[in-house]
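Just so it is clear, none of the values below were taken in a lab; they were calculated from the coordinates. Everything numeric here is computed off the predicted structure, so don't read it as measured data. In this analysis, Cβ positions are derived from the backbone assuming ideal geometry, glycine residues included, and neighbour counts consider all displayed protein chains.
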Number of protein chains: 4
Amino acid sequence: MLKTGILGATGMVGQRFIQLLEDHPWFKIEALAASKRSAGKPYKEAAKWHLDVAIPDSLSGVVVEQIDPKIIDEFDLDFVFSAVPSDIARQVEPQFAEKVPVFSNTATHRMDDDVPLVIPEVNSEHLDLVNVQKKRRSWKGFIITNPNCSAIGLTVPLKPLYTEFGINSVEVTTMQALSGAGYAGVPSMAIVDNVIPFISNEEQKMEIEPLKILGRFKGDGVEFADFSIFASCNRVGVLDGHTESIFVKLNREFEIAEVKEVLNDFTGDPQRLKLPSAPEKPIIVMDEVDRPQPRLDRNKGGGMTVSVGRLNRKGRLLRFLTLSHNTIRGAAGASILNAELAYKKGLMG
Amino acid sequence: MLKTGILGATGMVGQRFIQLLEDHPWFKIEALAASKRSAGKPYKEAAKWHLDVAIPDSLSGVVVEQIDPKIIDEFDLDFVFSAVPSDIARQVEPQFAEKVPVFSNTATHRMDDDVPLVIPEVNSEHLDLVNVQKKRRSWKGFIITNPNCSAIGLTVPLKPLYTEFGINSVEVTTMQALSGAGYAGVPSMAIVDNVIPFISNEEQKMEIEPLKILGRFKGDGVEFADFSIFASCNRVGVLDGHTESIFVKLNREFEIAEVKEVLNDFTGDPQRLKLPSAPEKPIIVMDEVDRPQPRLDRNKGGGMTVSVGRLNRKGRLLRFLTLSHNTIRGAAGASILNAELAYKKGLMG
Amino acid sequence: MLKTGILGATGMVGQRFIQLLEDHPWFKIEALAASKRSAGKPYKEAAKWHLDVAIPDSLSGVVVEQIDPKIIDEFDLDFVFSAVPSDIARQVEPQFAEKVPVFSNTATHRMDDDVPLVIPEVNSEHLDLVNVQKKRRSWKGFIITNPNCSAIGLTVPLKPLYTEFGINSVEVTTMQALSGAGYAGVPSMAIVDNVIPFISNEEQKMEIEPLKILGRFKGDGVEFADFSIFASCNRVGVLDGHTESIFVKLNREFEIAEVKEVLNDFTGDPQRLKLPSAPEKPIIVMDEVDRPQPRLDRNKGGGMTVSVGRLNRKGRLLRFLTLSHNTIRGAAGASILNAELAYKKGLMG
Amino acid sequence: MLKTGILGATGMVGQRFIQLLEDHPWFKIEALAASKRSAGKPYKEAAKWHLDVAIPDSLSGVVVEQIDPKIIDEFDLDFVFSAVPSDIARQVEPQFAEKVPVFSNTATHRMDDDVPLVIPEVNSEHLDLVNVQKKRRSWKGFIITNPNCSAIGLTVPLKPLYTEFGINSVEVTTMQALSGAGYAGVPSMAIVDNVIPFISNEEQKMEIEPLKILGRFKGDGVEFADFSIFASCNRVGVLDGHTESIFVKLNREFEIAEVKEVLNDFTGDPQRLKLPSAPEKPIIVMDEVDRPQPRLDRNKGGGMTVSVGRLNRKGRLLRFLTLSHNTIRGAAGASILNAELAYKKGLMG
């Protein structure tokens, strides 16, 4: 068992890390770290736990550490997961990466030239960027990042479309869940009987991250995919699960049946390698006229499957809807799957 | 004062007719008609009133009539408003139109060649189709329709864009309010902590109605506008107010500032004629980064103003968001404004 | 394995029966029965499935039967669960009970002199009423009922208080979940940004059922408990989980610590007999100042544990809050636990 | 016109002060004051405005002042309204009261011996306490307070019951609105699909404040009413409007019809004096089986009427439900009505 620590353990994504790793066959949580405000308290007091399953007994009373690289030695950590705010990540993730692998859910380093931005089913080959990174930065560890939560729900289905049909352009409108903003991110007074048509920096991430992920790995860097994405991001009163309405202009003629088959058949390294957190199917195409829906479909594949529905076309313009669990497939689960892939590929030392 | 009757008086749109006409300077409600189930009961018992203002005292105890053209003579009606279901409309609207003008909020006759589908600020000249209609059908009255609720929020801002820049294509994703489905249309079990990505027949209406409204009136018919619309319609847990995320490819280069000016300056016959229900401005462009929002902006202009925000562009592709009150600007208010325009234009006899 | 059928299989409670019995060690669903409207369709089409776990594969395609006692022979059923509306229950439950045991979640027969109204932890001895019942009605089977959903959340904690301290009177105010009204029971237009302070017949049930359950079994009938209950029932916008604010005047002096101990230590036949659906603890007392909460606590003990919190006292007046899952502990799970108890007690033949 | 300032102008209650005073016949807002963080900004930027009517044009651009008694001279204020947090109130309200009357919505001074705690319809005679207060404290001004929002919805109907029947004891369970916690007080993650059965210090206020308000004024102080109140306070997902389920044991026999008449006929000084913010009726008894409801009834009487319904009895125990607008009748409107009463009684100099 590899020993891991969670940086940002008290937040919404931190809580999902704890839930998802409870019975993990390869990784064991040894340290929970958070901000100064939480440090020194038992976890159950430090975290505003919001999941409907209880805090694992083994972690409930664990004293939260302050985020500091000295916990690596103190707890003999093999690697860490990071779900800290961007400004903190800028400072601490490199400090940890000097010594151990860091699997980061934070935006800070995603677009760095030598940092892999990975969805294991989509671009597992990008993991090799860590060799460039380690060499350039003289680190024993490295940083591997996963995309923004809404970028994942978009990129997973774009991958087979990009491969099979080519993509000219994408317009996407999101209806995103509250948990994406953190526990206190969206006041109830702001969202009851309402929609908030703005999420800070979200559109920028959605418009660039998929192009890196779908880009070509060229040994020392990534050549970005060359289509354009235009995003409109909205917050709705849903606890978990991002819904995205997507219009994609493809590069060649197609039939809906063909698209469905391509999406349904999509599979990747996590499935082939039978990684512990890999869903049986990365994408499920639903034929019901009114699906997917966040409350009913977000937990498919343990929250790791992207549900697709409402496919329709006009000429080369394809319309569909995706639904993905934003704090599992879009955050904690994404980081864990990256770590599993890195482990299986022998990158974890 | 012209005497009017409300067909479908107990439903969500019927209730808005009653609210909006309470102190109308030209029109007075003389008859409330509804289905057999409601007929014979006092209005306050027949209707599941859902507005946070009380039923007008003058109508609260009025006995509901069954929908039947004989109420025209019985109550000496000059015209009627119709908010009945489509199948009922097919049968009764022509029966009423034989004798008096019918201002219909129902889809049934919207696409008929000789029936005007009108938003007064957009295509008031289409009203003249009633002459063709009356002649062809040998009716003393006529049917004038207003568009589907979500089509209105789309078409109003498209009009100045179409005129000024030309439109190549439109992709629109809606986040629509619950009231659009009628009082019992969306069970709470279906929408709490959820989004429903389907509204029956809604996308079809949104994709064709604006093309008729923006079409050219040619004496005996309308030549439809020639661009394409692709819609994705979703229901969210909002009581009133449809939000629409719109991507429009324009026919020429533009700057955002230019688009804002064109939208903000837009005005039409209702403003020039100072119709009683006309908002001061049909469109208000909001500069706040997180507006418009349904709960905060749906009542602008008495619910008759379309709020626009979040303008951005990539090349000739313009993105923006609209918010309009679906049962006022998108239904009852739309019909009333049509009736006011028809009255002012001398079509009401 | 005993073979069972679900009467009312498509409704909210019916769906919970299916979910809870999926891997049951003693009972196997052989027949799904529902109204004429559903009969003949595959289950997945007949039911508006609302749970976030999928329909079990083994039942998804099963053709729904019409509710008719002939399915007993056709499917060789040993007993049935009933979750049909009251008026249907009046007709069909006796027809089934002529031949096989019926475990009913319906109000119809709950107050019949010879019908046990049972919560296994509270009054398992009442089961013996079935002997009176079978004899009097000359049935091969019998009817055993479980209480109304909100009565359960009240009665479970009242039991140890009644035994230990004696009860003078009870005032209870509920905040009940939407699922209790059935899938289409509460329109979203009625409950968004609202509370509905009325549930038809609910207060009457809450005020009498606990008195029968807590009554003394006297061989041929039940002598009701002799205190008074006054209830105020309200619907709030929660999917599952009834919250109840309870004031109980006890018959003797007490300390809060004493009450907590009595509640926490409460246990019954299901725990002693290790019935498959029995929670480890029927009651969990929470010390957190803001618990229990429906979303966080409704699934405790697989939805079978009643969470209690916010205990306080003034003189002999005790105040506390309970939270119980209304479609598991309060409906399907309650019936199943009754069946398990009856089976273990040898009543199932 | 008297010139007034709002202390705490940017918060939820501050916004209501601004809305309610927009066209006030006697009072004019001259100064908006808030915390250091807001001071110096135009009001529209400093406040997170949440009402669905716009900020009055005359105040939208006004620069917010820091809360400091020097604004009294600077803006020539005749008196101030205070809606600041309790800790701030402790410091600043006496500083202001040295010079001018302060109408406070804050808990800090409510229970002071010489501070009137007033609901004008209930205990207008308590206003005379200001004479004691001014003398004892050597102030030119004074502090008059209004009760906690949920205490008001309870006390208004208790008054006529207390007068007519006498009260033995009260048990009350609240379902309180989100706005009572301030804009960011309740995270959406905490309340969607949930109830929170705890509001800090709320029960303590509800259990004591009504006893002072219903107490007897004895020249130099108030003799509290002598019954007991036991409260259970809960937060539900409603924007505005506190619902309270109340059980009152009365001191003599009664019929429901008698209680309804006593409540419906209740009136007080504000009605007799025709104060500008007084509702026509302080209490409206609703006969509909499912009313009052927050969304439908909170705006009755401009938000100043308390709606009562669901009356029932068992012996001398009366049950009913009240609904009152927590930020109008329960906060800003309450303070304004107090100021109107004080003005009319000649206390404002």
Inset, instruction - Rounding to the nearest 20 debye, state how big the charge dipole of the protein assembly as shown is about its Cα centre with +1 on each Lys and Arg Cβ and -1 on each Asp and Glu Cβ. - result: 0
Legend entry - Phi to ³J(HN,Hα) by Karplus 6.51 cos²θ - 1.76 cosθ + 1.60 over the range C:105-111, Hz, x for Gly, Pro: 9, 9, 6, 3, 9, 4, 9
Legend entry - Residues listed by number, the range A:211-230, amide nitrogen under 18 Å from A:Asp128 label point at 7 Å toward C-beta: A:213-225
Inset, instruction - For A:Ser232, list long-range residues whose amide hydrogen, built 1.01 Å from N in the peptide plane, is under 5 Å from its own amide hydrogen. - result: A:Val172, A:Thr173, A:Thr174
Inset, instruction - Taking H placed 1.01 Å from N in the peptide plane, check which residues at least 5 places from C:Val238 or on another chain put their amide H under 5 Å from its amide H. - result: C:Leu178
Inset, instruction - Report the FRET efficiency, 1/(1 + (r/R0)^6), for D:Asp23 and C:Asp73, where r is their Cβ-Cβ distance and R0 is 56 Å, rounded to 0.05. - result: 0.15
Inset, instruction - Using only Cα atoms, tell me the angle between helix A:86-97 and the longest principal axis of chain A; keep it within 0 to 90° and round to the nearest 10. - result: 60
Inset, instruction - Can you list the distances in nanometres, one decimal and ascending, from the A:Pro56 label point to the identical position in each other copy, with the point 7 Å along Cα to Cβ? - result: 3.0, 5.9, 6.6
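Which pairs in the list A:Lys281/B:Lys205; D:Lys3/D:Lys36; B:Lys274/D:Lys41 are over 28 Å apart, alpha-carbon to alpha-carbon?
On the way: A:Lys281/B:Lys205 35 Å; D:Lys3/D:Lys36 23 Å; B:Lys274/D:Lys41 38 Å.
Among A:Lys281/B:Lys205; D:Lys3/D:Lys36; B:Lys274/D:Lys41, the Cα-Cα distance tops 28 Å for A:Lys281/B:Lys205; B:Lys274/D:Lys41.
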Inset, instruction - Please turn the phi angles of the range D:330-341 into ³J(HN,Hα) values with the Karplus equation 6.51 cos²θ - 1.76 cosθ + 1.60 (θ = phi - 60°), one per residue in order, whole Hz, x for glycine and proline. - result: x, 7, 4, x, 5, 5, 5, 5, 4, 5, 4, 5
Inset, instruction - Please give the average number of partner chain Cβ atoms lying within 10 Å of the Cβ of each residue in C:231-243, rounded to a whole number. - result: 6
Inset, instruction - Restricting to the protein assembly as shown, compute how many DSSP beta bridges are antiparallel as a %, nearest 5. - result: 45
Inset, instruction - Return the long-range amide H neighbours of A:Val285 (sequence gap of 5 or more, or a different chain), with a cut-off of under 5 Å between placed amide H atoms. - result: A:Val308
Inset, instruction - Just need the relative contact order of chain A here, percent rounded to a whole number, with Cα pairs under 8 Å and 6+ apart. - result: 17
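Only bridges with both residues in chain D count here: give the DSSP antiparallel percent, nearest 5. Can you show the working numbers first?
Working: 26 of 56 bridges.
Approximately 45 percent, going by the DSSP bridge assignments.
Using Cβ counts within 10 Å as a stand-in for footprinting exposure, how do C:Arg252, B:Arg295, B:Arg319, A:Arg313 rank, fewest first? Before the final figure, lay out the partial values.
Values: C:Arg252 9, B:Arg295 24, B:Arg319 21, A:Arg313 18.
Lowest count first: C:Arg252, A:Arg313, B:Arg319, B:Arg295.
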Inset, instruction - Could you line up C:Thr108, B:Thr163, D:Thr10, D:Thr155 from fewest to most neighbouring Cβ atoms inside 10 Å? - result: B:Thr163, C:Thr108, D:Thr10, D:Thr155
Inset, instruction - Quick one: dipole size for the range D:149-325, taken about the Cα centre, charges +1 on Lys/Arg Cβ and -1 on Asp/Glu Cβ, in debye to the nearest 20. - result: 100
Legend entry - Closest approach to the D/B rotation axis among chain D Cβ atoms, residue and whole-Å value: D:Asp193, 2
Legend entry - Residue mean of other protein chain beta carbons inside 10 Å, D:294-300: 6
Inset, instruction - Go through the range D:241-251 residue by residue and turn each phi into a ³J(HN,Hα) via Karplus (6.51, -1.76, 1.60, θ = phi - 60°); whole Hz please, and just put x for glycine and proline. - result: x, 8, 9, 9, 9, 10, 10, 10, 8, 8, 8
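Hey, fewest Cβ within 10 Å first, where do A:Leu318, A:Leu347, D:Leu117 land in order?
Neighbour counts put them in this order, fewest first: A:Leu347, A:Leu318, D:Leu117.
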Inset, instruction - Restricting to the range A:149-325, compute how many DSSP beta bridges are antiparallel as a %, nearest 5. - result: 70
